[in-house]
Amino acid sequence: MPSKKPRPRPSVASLRRAFEDIVWPRRKLVLVGLLLILVNRLSGLVLPASTKYLVDDVIQEGQGELLWTLLGAVALAIGVQAATSFALTRLLSVEAQLLIAGLRSQVQYHVLRLPVRSFDDTRSGELVSRVMDDVEGVRNLVGTGLVQLVGGTLTAVVAMVFLVNIDPVMTALALVPLGLFRTHPGFGQRLGAAIGFAWMVVIAVGILRDREPSPETPGPSDGVRSLDGDAYDARAVAGSVLRKT
């Protein structure tokens, strides 16, 4: 199959024009959406943060009266999160859908005004795809793409600060494998091969230990012969795993 051509990166001029034509006329709506995203993500972090006080204060310290305060805070946070999610859907998602519909009408109007020879050189499926799909990128500027980008970044920053305050060493140990997976694409495959080899070695050692000759066996030569055979099987398994890695 022919390889797909990489999409060209948008230029600075095109990004500036998209910002001036799409985002800036709706700056008040986007600002309100950003505030709602901030409230939504912060309220969503109340539930996982409450487990620390539940375990440390309520369970270990025996402060039973604090349980009702935690339940009230969690219920209030869930209500705020639900309300802000509904408001974001009504504001940003609906506005993005209306904007996409308007842009599709403009593209369709432009296509209908093209000369006839343009339709001879272009297939109808390609034209339909251009009209329906090319304007979907607007959703990343005004609609759900903005919510996911800003909300995900905010959640990651707040969660990182929270984890560093709890235990910086464990946080660093958790981030090191993620950095290796990100900077070295083949690290995951090599790590999986190494783990598989380690498991093969553990299984081979367990087989050897289980097949060791016991005092109840009738002849020592049979036990030695079985042990040699299992050792040969273990070496064969290890060699095959090494060849695959």
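The values are calculated or read from the model by the stated rules, or taken from the named source; none is laboratory data. These numbers come from a predicted model, not from an experiment. No Cβ is skipped: glycine too gets one built from the backbone with ideal geometry, and neighbour counts run over all protein chains shown.
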* Pick out, from the stretch 106-176, the helices (runs of 4 or more DSSP H) lying fully within it that include 2 or more residues that are surrounded by 14 or more Cβ atoms within 10 Å (Cβ to Cβ) and not charged (D, E, K, R). => 124-133, 139-142, 144-166
* Does the stretch 195-211 contain at least one residue that is assigned to a loop (DSSP other than H, G, I, E, B), surrounded by 13 or more Cβ atoms within 10 Å (Cβ to Cβ) and at pLDDT below 75? -> yes
* Structure fact -> Within the stretch 27-42, the count of residues that are of a type outside the set (A, V, I, L, M, F, W, C) and within 12 Å of Val147 (Cα to Cα) comes to 3
* Verdict on Leu45 being touching a Gly at 6+ places or on another chain (Cβ under 7 Å) and either more than 21 Å from Val150 (Cα to Cα) or surrounded by 14 or more Cβ atoms within 10 Å (Cβ to Cβ) (or both) -> no
